[in-house]
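To start, the structure under review is shown below, and the notes come after it.
The values are calculated or read from the model by the stated rules, or taken from the named source; none is laboratory data. Remember, it's a predicted structure, so these values are computed and weren't measured experimentally. Heads up, the Cβs are rebuilt from the backbone with ideal geometry, glycines too, and the neighbour counts pull from every protein chain shown.
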Amino acid sequence: MGISSFKKKIITFLFIWAIFALVANVIVAKIFSSSGSSKANSLDINSINKEFLHDLNTFGLKSEWIKKVNNKIARDVFSYHIELPKDLPIPVVLSEIYASFYSPDIEIKSIEKTIGGNTVLEIYLQNSLKISAEFNYENDITRDAGNLGIIVFGSEQLNAKDINAMVEFPQTFIIVFVPSKYNSKLITNLAEYRKEYAVLINDNISDPDYKLSYDFSNYRLKLITRSIIADFPNAVFFLIDDLSKIYLSPAGKIIRNEFATRNIKLITQDSLTEILDGTRSKIQGLFRCSVEKIHSGNNKLISIWADDFGTLKPEIFSLIKVGYKFISPSIIIAANKGNK
């Protein structure tokens, strides 16, 4: 075979390959074009309007705050006047809408007519205006959501990494610690994250420096109780298990007197709500049921286990979104005592 014949075969092969690649590109382009066209066609004014109203409803807005108005310029445009309570920033609502309508076929414009107030939002589909909404703050409206105080038990079951992840969570709650040397060091990091803690006295204290028993001498009971108070100085309150042997024995009175003489808050565990308990799927339902009837201005304590905290994070974020406030449980406890 001559060299020229070999060259001809190479050229022929490259020519056929070029044609194949060109045809393949055309087919792929048509597939993607068809897909994009189908996606564009699936977006219409009604589906956009439905998604827009859904986004608003996730913030716990009442229907009377979302008022449909006539658009005098374009009748085929959905126009709204929307009132927001003062505790719900307009930019927060707008960011949700922007994220929800992420599509090359949709353009969203927002104009702040008044600094920190009146804002107009416009949603366009393929350069055609579909939704126009004006947002304003209204001083006299509030979302029907109350205040929650979360108390987290069982922190001793978590490792340091899980404890740090829980502490870094931005909302307010109280972590309950059983006295130990390890926990007395751990609490020094809480102040950095503005987290509060409480201390639980029960029969399960294993650290010999803090262990209390009904058969200890009065002197030893007083000494250990004073050590607990001294080594956990910033506890918002101290808890004692009212079903424990130490509480039900004469030693319980000695311990309570040590707190009373120092005017330090010692409360029984039964004065708090029962700790939510169950499987991961069940715990979410129990948590929702615990908060669904809390109306604006009302307070509720909720006690959970530390290893359920991660499971409940999405529920907590959902509650924040619709207007629930997470406040220190110590505030709710004090309020409840004042109402008795």
**Q.** Filtered residues of segment 57-67 (kept if more than 16 Å from LEU88 (Cα to Cα) and surrounded by 12 or more Cβ atoms within 10 Å (Cβ to Cβ))
**A.** LYS67
Q) Could you say whether any residue in segment 157-171 is in contact with a strand residue (DSSP E or B) (Cβ under 6 Å, 6 or more places away or on another chain), buried (at least 20 other Cβ atoms within 10 Å of the Cβ) and either assigned by TED's automatic domain parsing to the domain that holds LEU272 or over 23 Å from LEU276 (Cα atoms) (or both)? A) no
Q: Quickly run through segment 73-117 and pick out the residues that are among the hydroxyl-bearing types (Ser, Thr, Tyr) and farther than 12 Å from TYR137 by Cβ.
A: SER79, TYR80, SER95, TYR98, SER100, TYR102, SER103, SER110
Q) Within segment 294-324, can you find the residues that are surrounded by 18 or more Cβ atoms within 10 Å (Cβ to Cβ), in contact with a helix residue (DSSP H, G or I) (Cβ under 8 Å, 6 or more places away or on another chain) and either assigned to a helix (DSSP H, G or I) or β-branched (Val, Ile, Thr) (or both)? A) ILE302, ILE304, ALA306, ASP308, PHE309, LEU312, LEU319
Q.
So, in segment 283-299, exactly how many residues are within 22 Å of ILE175 (Cα to Cα) and over 17 Å from the mean Cα position of the chain (by Cα)?
A. 1
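Output the residues belonging to segment 54-64 that are of a type outside the set (Gly, Ala, Ser) and under 14 Å from LEU84 (Cα atoms).
Answer for segment 54-64, where residues must be of a type outside the set (Gly, Ala, Ser) and under 14 Å from LEU84 (Cα atoms): ASP55, LEU56, ASN57, THR58, PHE59, LEU61, LYS62, GLU64.
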Q. Given the structure, is SER110 of a type in the set (Ser, Thr, Tyr) and either closer than 30 Å to ILE332 by Cβ or in a helix (DSSP H, G or I) (or both)?
A. no
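For segment 271-281, give me the residue count where each residue is outside any loop (DSSP other than H, G, I, E, B) and exposed (fewer than 12 other Cβ atoms within 10 Å of the Cβ).
2
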Q. Which one of these does HIS81 not meet: (1) touching a residue at least 24 places away in the same chain (Cβ under 8 Å); (2) surrounded by 12 or more Cβ atoms within 10 Å (Cβ to Cβ); (3) not in a strand (DSSP E or B)?
A. (3)
Q. Of the numbered conditions (1) modelled with pLDDT under 90; (2) closer than 23 Å to SER328 by Cα, THR268 satisfies every one except a single condition; which is it?
A. (1)
Q. Taking segment 107-136 only, how many residues are of a type in the set (A, V, I, L, M, F, W, C) and surrounded by 18 or more Cβ atoms within 10 Å (Cβ to Cβ)?
A. 7
